[in-house]
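*Asks:* Structure provided below as structure tokens; questions to follow.
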Amino acid sequence: MPLRIDVLTIFPGMLKGFVSESILRRAIAMGAVDIHAVDLRDFAHDARGTLDDKPYGGGAGMLMKPEPLFEAIESLRQPNTRVIVMTPQGQPFRQETARRLAGEEHLLFVCGHYEGIDERVLESLADEQLSIGDYVLTNGALPAAVIIDSVTRLLPGVLGGGSEATAKESFSNGLLEQAQYTRPPVYRGKGVPEVLLNGDHARMEQWRQNQMIDRTARHRPDLIQH
């Protein structure tokens, strides 16, 4: 059975090009994943498709109303569904999160907009809340797309190289990947490290490990401290 992914959003058109290109397109064609964009406006209660209202207590912006979200989520949710709300206040999305979600059967991404979502939706229906970084975007469809890409590429057979294709990527072992090179051996005066050319696999593996530690310490010391 493919991993089913539903994306509940005001902007379903944002996902059309995303799912029709590259790895996502191949994953869908091979039956590894089944992705559907669901228009939240289909669950609005008036002809104008109203989904937001002013927050109680005042404050800037508009909040997404609870009624359409409750009805949409409840209509899509199954016993095996994991409901994920995209919000800047969510837990940081990491590679281990992607691996965990790749083992689910049905993911339902709820994409916020405006100033946020009525808290009762989060309290009653969300299994988890995720964020892709400490910044704010106009809506949750783009962050959901990022997570879908990260999860889908981990599904069996999608990358073609089996588990080895992702085993030594950045973050898979808590470190960044080492520097990598391809032909030609010298380009514009810069050469490929000799250790990668001599055929000594033990030395190459040690070089890679040292590279990963060094690059992580220089570029992402927080990963080592973590």
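*Asks:* Plugging the Kirkwood radius over Cα pairs into Stokes-Einstein for the stretch 1-96, at a temperature of 25 °C and a viscosity of 0.890 mPa s, what D comes out in µm²/s?
*Replies:* Values: Rh = 15.7 Å.
D = 156 µm²/s.
*Asks:* Still on this structure, I have one more. Given a cut-off of 22 Å, what percent of all Cα-Cα pairs of the chain lie beyond it? Could you put the intermediate results ahead of the total?
*Replies:* Working: 15369 of 25425 pairs.
Looking at the chain, the distances longer than 22 Å represent 60 percent of pairs.
*Asks:* To continue, here is another question. If we count every other residue with Cβ under 15 angstrom of residue 130's Cβ, Lys/Arg +1 and Asp/Glu -1, where does the sum land? Don't jump to the answer; show the numbers that get you there.
*Replies:* Values: positive: 82, 94, 99, 100; negative: 96, 104, 127, 128, 134, 149.
Around residue 130, the charge tally is -2.
*Asks:* Further, regarding this structure: Rounded to the nearest 10 Å², what accessible area does residue 50 have for a 1.4 Å probe in the complete protein model?
*Replies:* Surface accessible to solvent at residue 50 totals approximately 40 Å².
*Asks:* Right, something else. Residue 172 versus residue 56, label points 7 Å from Cα toward the beta carbon: distance in nm?
*Replies:* 5.0 nm
*Asks:* Quick one: with all protein chains in place, what share of the accessible area of the stretch 16-68 is carbon or sulfur, to the nearest percent (1.4 Å probe)? Can you show the working numbers first?
*Replies:* Details: 1760 of 3370 Å².
That share works out to 52 percent.
*Asks:* Enumerate the calculated ³J(HN,Hα) couplings along the stretch 101-106 in order (Karplus 6.51 cos²θ - 1.76 cosθ + 1.60, θ = phi - 60°), each rounded to whole Hz, writing x wherever the residue is Gly or Pro.
*Replies:* Listing the rounded values in order: 5, 5, x, 7, 9, 8 Hz.
*Asks:* In whole Hz, with x marking every Gly and Pro, tabulate ³J(HN,Hα) for the stretch 197-209 from phi via Karplus 6.51 cos²θ - 1.76 cosθ + 1.60, θ = phi - 60°.
*Replies:* Going residue by residue, I get 10, 8, x, 8, 5, 5, 5, 4, 5, 5, 4, 4, 4 Hz, with x marking Gly and Pro.
*Asks:* How high is the relative contact order of the chain, in percent, with contacts defined as C-alpha pairs under 8 Å that are six or more residues apart?
*Replies:* RCO, the chain: 20 percent.
*Asks:* For residue 198 and residue 146 in the same chain, what is the full-extension length gain: residue separation times 0.36 nm, less their Cα-Cα distance, in nm? It would help to have the intermediate numbers written out before the result.
*Replies:* On the way: separation 52, 0.36 × 52 = 18.72 nm, distance 3.89 nm.
Working it through step by step, the gained length comes to 14.8 nm.
*Asks:* Also: Set the Förster radius R0 to 35 Å, insert the Cβ-Cβ distance between residue 136 and residue 29 as r into 1/(1 + (r/R0)^6), and round the FRET efficiency to 0.05.
*Replies:* Working: r = 35 Å, r/R0 = 0.99.
That gives a FRET efficiency of 0.50.
*Asks:* Hey, rough spin-label estimate for residue 36 and residue 210, points 7 angstrom out along Cα→Cβ, what's it come to in nanometres?
*Replies:* With each label point 7 Å from Cα toward Cβ, the separation is 5.5 nm.
*Asks:* Here is a follow-up. Mind checking which of 101, 113, 141 is farthest towards the positive end of the stretch 82-162's charge dipole, using Cβ charges of +1 (Lys, Arg) and -1 (Asp, Glu) about the Cα centre?
*Replies:* Going by the charge dipole, the pick is 101.
*Asks:* Report, by chain and number, residues whose modeled amide H sits under 5 Å from the one on residue 35, excluding near sequence neighbours (fewer than 5 apart, same chain).
*Replies:* Long-range HN contacts for residue 35: 5.
*Asks:* Toward the positive end of the charge dipole of the stretch 1-138, about the Cα centre and with charges on Cβ (Lys, Arg +1; Asp, Glu -1), which of 29, 58, 122 goes farthest?
*Replies:* 29
*Asks:* Here's another thing I want to ask about it. Just the Cα atoms of the stretch 36-147: what Rg and Dmax do they give in Å?
*Replies:* 14.0, 43
*Asks:* Also: So, with +1 on the Cβ of K and R and -1 on the Cβ of D and E, and no other charges, what is the size of the charge dipole of the stretch 1-128 about its Cα centre, to the nearest 20 debye?
*Replies:* Details: 14 positive and 20 negative charges, 105 e Å.
Charge dipole, the stretch 1-128, about its Cα centre: 500 debye, nearest 20.
*Asks:* What's the ranking of 57-68, 187-198, 104-115 by average number of surrounding C-beta atoms within 10 Å, highest first?
*Replies:* Values: 57-68: 13.8, 187-198: 11.0, 104-115: 21.5.
Per-residue Cβ counts within 10 Å, averaged per peptide and sorted highest first, yield 104-115, 57-68, 187-198.
The values are calculated or read from the model by the stated rules, or taken from the named source; none is laboratory data. The shown structure was predicted, so the numbers you read here are calculated from the model rather than taken from an experiment. Backbone-built Cβ (ideal geometry, glycine too); neighbour counts: all protein chains shown. These accessible areas exclude ligands, DNA and RNA; they are computed on the full protein's heavy atoms, side chains included. Shrake-Rupley method; radii C 1.70, N 1.55, O 1.52, S 1.80 Å.
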